[in-house]
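The values are calculated or read from the model by the stated rules, or taken from the named source; none is laboratory data. Keep in mind the model is a prediction, meaning the values are calculated, not measured. A quick note on method: Cβ atoms are made from the backbone with ideal geometry, for glycine too, and the neighbour counts reach across all protein chains shown.
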Amino acid sequence: MRAPKNPTPQYTDYAAFVAAQANLATAQASTGKSSRTFQEWALHNRGRLSIAACAASMGPAGELLSAAPDGWKTALALGAAGAAAAGAWGWLPGLIKIKGIWRPARTLPSDFDRYVGLSMPVTGSGLLTTMATTGGPEWGDNPWWGFSLAWSLGYGAWAWRRWGRRPTTNAPELSQQMLDWIEYAAVPDGPYPKSKLISPIANPDGGWSAEVHVPRGKSFKIVGLDDVLSSLGIDDPDLVALEKLSPRKGRITVFTENPLKKGTLFGPQHVLDLESGLAPFGVYYDGDAANYRFFLPGSGAVHDFITGTSGSGKSRALDGLLAIERRSPVVSSIVIDPQAGLSLPDWPDGVAVFAPGNAFGIVVLRAVHALMKERGKRYNRMKWVDEKGRTRVGRAFFVPGDPDPLICVTLDEAHDLLNDPEHGEEAVKIIGDLVKEARKVGIKFRLANQSPNASELGGETLIRDILQGGNNLVLRSGSTATGKRAAGNALGDIDPGAIPKEFNDGTTTGGMGYLAGPDNRAALWRAPYVEDPYGLAHEGETTGIEQTSIDALPILRHVLEEHELMLRLRNAGEDYTYDPNRFTQSAPKKARKETTAPTAAPSLEKVPEPEVPDAVEPTGPGLSDTARQIIAFLHKHGKPVAPAIISKSLGIPNPRVRTALGRMKDDPHVPVINLGHGAWIHKAHAAEHETAA
């Protein structure tokens, strides 16, 4: 039932408020609109009357105790018991069971009242003890009747006024907005018909929150925010947050200032926990930290789907996720930026592979697809020991770092590549395979785009459906329809299109949205703000792809070489253009039983390498013929090169080349430097390479 339209001040206490939502007669009674009989009044005030009666009996009790032989001892005992009861009543909070229901225990509202309540049995005991010792009160002979009357009137009046009050912190006064909910939102034509506000709580910094319970047979849905704002008389949409808690329950929170306006800064706490596969990422509207899942222990990688219109903070959210990946020694990041590096300009030299443009991006996707297949074959014959100590063959789950790193592939502005007239169809096919099969071999795919519409994803909805089952990060959208399509089933009825572009003070709402992740909350959320993405991109060391796969996959070696070439040209201020002629599908030659004289062979470069000159390396002790040939080749080559290319160019078996390089890297007298990622260079050219990089 609806509450009275103009409630009296007495109506704004918690009990009356709850009663008003259940019964109109109770609401009218709580507002003073009904009369009660004397018996009803006495029953309602039985606690007050009991204390008043005890106070009035002070004089007779003193006369009675004076007649007893040890009446003063009884008076002291009564005083001690009364002091203990008053202390417990005033200072000890808790729950008491009334008619089978646990309810808050009564406590006094303030420290002043607590001390007054404690002084009541103490002074009363002193007065009773004095009367019991001196013979009791006598009219005209001593002042004890007068003191008893004054004590009874003073403490009786205080007890009558204070009986039944609760601390303001436990039951705050309800604001007019809560009453407006009953008047306008819970009515049949309101946004939440016949709903009730349960357990309203005043927030310390202003505003309030309460649970919204809808009738049985109905489900709580996050309806149009404008209707809720209108019901509460609020003009700013960023001052109200709605969250679904269960099928029939939700929560409404009203702010005086949205706490997400401050947000959180990206800091040292944003690291990946290798035990749980989680990393903190952002904060919810109620101040709780949000979690982001990179992998599920005992299973595999967890994919991402990120959407948000222009200016929603999508690129800054990607900065934060890439920074978390870079901080982990068991995560290797691959980025494909179809906009030639404009989307994530700080990360080309902060990840294992960065592909600017669609021509190189599709090659990187092919390499990742080949990596997925290669890992699958290795894991299928991998030996491992289960929790029962049994040695088994074939592992169907992924463990970061055992033996390979978690590969995180980020495709930003995905529509550009997926709708490319030359590469789009192939990209859709490869990404479809990755999101379905790559999880168990430790390859995580992250797709970021402004729109979730199928037309923006190469006409394929399956990719979106699968990715939304992982981390679904939905920032401000351009329309309600687009926002709901991006939200998917996990976020229910939320409307990212209702998020304003700016707060009421003109600051941006970038990074604000909804996160469907391991917390299972369809609640307003904001990503951490990254102040210095360039600094994060160059923090620590880059984790590369495992050498086993590099050796097995020519296309992966080619991608790493192109990445190095792109960095050299980019840092030199020159344009990079991918040339497919720089790649051949030839694999490293298998080891021969007999060693043959080294002969010149075409390298993977477009222009064949010239003949290797005579040895130019120092004639240090212990150098084998193979080591000398490798040093001469690196000096002539002048650029970073993989062992497979050295093997092919010199005609030396690849294992022999790798063994020689492994021995030389720790010898300070040998002019060979390992650059990582399987790349080697002669010391004479290292400085030139570092300058270009």
Any chance region 636-651 includes a residue that's farther than 25 Å from residue 363 by Cβ, modelled with pLDDT of 80 or more and either touching a strand residue (DSSP E or B) at 6+ places or on another chain (Cβ under 6 Å) or surrounded by fewer than 21 Cβ atoms within 10 Å (Cβ to Cβ) (or both)? yes
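Residues that are of a type in the set (S, T, N, Q) and under 24 Å from residue 437 (Cβ atoms): does region 386-393 have at least one? Working first, answer last.
Going residue by residue through region 386-393, those that are of a type in the set (S, T, N, Q) are 391.
So of that shortlist, the ones also under 24 Å from residue 437 (Cβ atoms) come out as none.
So far as region 386-393 goes, no, none of its residues is of a type in the set (S, T, N, Q) and under 24 Å from residue 437 (Cβ atoms).
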Quick one: residue 503 ticks every box in (1) at pLDDT below 85; (2) loosely packed, with under 15 Cβ neighbours inside 10 Å; (3) among the aromatic types (Phe, Trp, Tyr) bar one, so which box is it? (2)
Regarding residue 404, is this residue closer than 25 Å to residue 579 by Cα, among the acidic types (Asp, Glu), in contact (Cβ under 8 Å) with a residue 60 or more places away in the chain and buried (at least 17 other Cβ atoms within 10 Å of the Cβ)? no
Tell me, yes or no, whether region 218-226 has at least one residue that is of a type outside the set (Val, Ile, Thr) and under 21 Å from the mean Cα position of the chain (by Cα). no
Yes/no for residue 343 being in contact (Cβ under 8 Å) with a residue 12 or more places away in the chain, closer than 12 Å to residue 409 by Cβ and among the small types (Gly, Ala, Ser): no
Among the residues that make up region 91-108, is at least one of them more than 16 Å from residue 153 (Cα to Cα), part of a loop (DSSP other than H, G, I, E, B) and at pLDDT 70 or above? no
Filter region 364-402 for residues that are modelled with pLDDT of 95 or more and of a type in the set (Val, Ile, Thr); the one that is nearest to residue 294 (Cα to Cα) is 368
Residue pairs within 7 Å by beta carbon, gap of at least six or interchain, first lying in region 432-445 and free of Cβ contacts under 8 Å to residues at least 60 places away in the same chain, second of a type in the set (Asp, Glu) and surrounded by fewer than 23 Cβ atoms within 10 Å (Cβ to Cβ), listed first then second, are 432/460
Can you name every residue in region 262-280 that is more than 30 Å from residue 204 (Cα to Cα) and not in a strand (DSSP E or B)? 271, 272, 274, 275, 276, 277
Selected residue (criterion: nearest to the chain's Cα centre (by Cα)) from residues of region 508-537 that are of a type in the set (Phe, Trp, Tyr) and farther than 18 Å from residue 322 by Cα: 525
Criterion first (within 23 Å of the chain's Cα centre (by Cα), under 22 Å from residue 557 (Cα atoms) and surrounded by fewer than 22 Cβ atoms within 10 Å (Cβ to Cβ)) does residue 363 satisfy it? no
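Looking at 283, 335, which is the one that is buried (at least 24 other Cβ atoms within 10 Å of the Cβ) and assigned to a strand (DSSP E or B)?
That would be 335, the only listed residue that is buried (at least 24 other Cβ atoms within 10 Å of the Cβ) and assigned to a strand (DSSP E or B).
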For the subset of region 286-323 comprising residues that are assigned to a strand (DSSP E or B) and of a type in the set (Ser, Thr, Tyr), which member is surrounded by the fewest Cβ atoms within 10 Å (Cβ to Cβ)? 292
Could you check, for region 124-139, whether at least one of its residues is modelled with pLDDT of 70 or more and touching an Asp or Glu at 6+ places or on another chain (Cβ under 8 Å)? yes
Search result, residues across region 181-219 that are in contact with a helix residue (DSSP H, G or I) (Cβ under 9 Å, 6 or more places away or on another chain), among the acidic types (Asp, Glu) and more than 17 Å from residue 241 (Cβ to Cβ): 183
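Is it fair to say residue 250 is in contact with a Gly (Cβ under 9 Å, 6 or more places away or on another chain) and not aromatic (Phe, Trp, Tyr)?
When the stated conditions are applied, residue 250 does not pass them.
Yes/no per residue for (1) crowded, with 19+ Cβ neighbours inside 10 Å; (2) charged (D, E, K, R); (3) outside any loop (DSSP other than H, G, I, E, B):
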position	(1), (2), (3)
432	no, no, yes
444	yes, yes, yes
448	yes, no, yes
458	yes, no, no
477	yes, no, no
492	no, no, no
Out of curiosity, is residue 174 within 46 Å of the chain's Cα centre (by Cα), part of a helix (DSSP H, G or I), modelled with pLDDT under 85 and of a type outside the set (D, E, K, R)? no
Can you work out which of the residues in region 662-681 that are in a loop (DSSP other than H, G, I, E, B) and in contact (Cβ under 8 Å) with a residue 60 or more places away in the chain is nearest to residue 405 (Cα to Cα)? 677
Within region 181-198, the residues that are crowded, with 19+ Cβ neighbours inside 10 Å and part of a loop (DSSP other than H, G, I, E, B) are 186, 190, 191, 192, 195
Determine which single condition residue 409 fails, assuming it passes every other condition in (1) assigned to a helix (DSSP H, G or I); (2) under 20 Å from residue 373 (Cβ atoms). (1)
Kindly provide the set of residues from region 554-579 that are within 16 Å of residue 639 (Cα to Cα), among the hydrophobic types (A, V, I, L, M, F, W, C) and crowded, with 16+ Cβ neighbours inside 10 Å, ordered by number. 559, 560, 565, 566, 567
